[in-house]
Amino acid sequence: MKKLALDAADIRILSAIQKQGPLSKSKLAEIVNLSPTPCWARLSKLKDAGLIKSYGAEIALNKITNYTKVIVTLSLSKHRKSDFERFEAFVNASVDITECIATGGGMDYVMKVMSPNLAAFQELMHDMLEGDLAIDRYMTYIVTREIKSTVPNIERLISHTDS
């Protein structure tokens, strides 16, 4: 897939909004060291190109409620396209599964699940196992403490991209 060519100013804009969320025209221009109108035009171009998927806030959930976070690795018993599609449709419909990635190697998927409590997580796993999802095996890892959770450093990733 052809990647969009970005210059240093575009990267600074993306980095600023990734770290700070939506900003006023003047504040963004100040942070990225551009005048407001060209800065805003560049931001519009980046949005139109689909590079900005959404804006959000990182909420300190532990200060609001108790919850259970579990990492689940699993593999399917069959590897037909329809099996992957059925499993992924289930994942996309579940509000408790907050992240899921397909992997190569020993397991097919790694998921992050955030449930109100352990019983709700167990109910989710029961539904997955009872559903027609062709799950062969799975491992669960209950998160006891979060050490680090950050967004990727855009400037570092782009500066090391092979052309």
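Throughout, read-outs are computed from the coordinates displayed, never taken from laboratory work. Worth saying up front: this structure is predicted, and the values here are computed from it rather than measured. A quick note on method: Cβ atoms are made from the backbone with ideal geometry, for glycine too, and the neighbour counts reach across all protein chains shown.
Structure notes:
- Potential lengthening between N33 and K78 on full extension [0.36 nm per residue; Cα-Cα distance subtracted]: 10.9 nm
- Helix 81-93 vs. the chain, principal-axis angle (Cα, 0 to 90°, nearest 10): 70
- Whole-angstrom Cα spans of the range 8-57 along principal axes, big to small: 24, 22, 18
- Centroid-to-centroid separation of the range 90-137 and the range 1-51 [C-alpha atoms, Å]: 36
- 222 nm mean residue ellipticity, helices alone, for the chain (DSSP H n ≥ 4; -39,500 (n - 2.57); rounded to 500): -12500 deg cm²/dmol
- Residues M125, M111, M139 arranged by fewest to most Cβ contacts within 10 Å: M139, M125, M111
- Placing unit charges on the Cβ atoms of the charged side chains and taking the dipole of the chain about its Cα centre, the candidate lying farthest along the positive direction among V91, Y138, A29 is A29.
- Pairs over the 25 Å Cα-Cα cut-off, from the set K3/K25; K25/K63; K63/K148; K47/K69: K3/K25; K25/K63; K47/K69.
- Label selected from [x] 1.06; [y] 1.09; [z] 1.13, the criterion being Rg/Rh (Cα atoms, Kirkwood Rh) as computed here: [x]
- Estimated dipole of the chain in Debye, rounded to 20 [Cβ of Lys and Arg +1, of Asp and Glu -1, Cα centre]: 700
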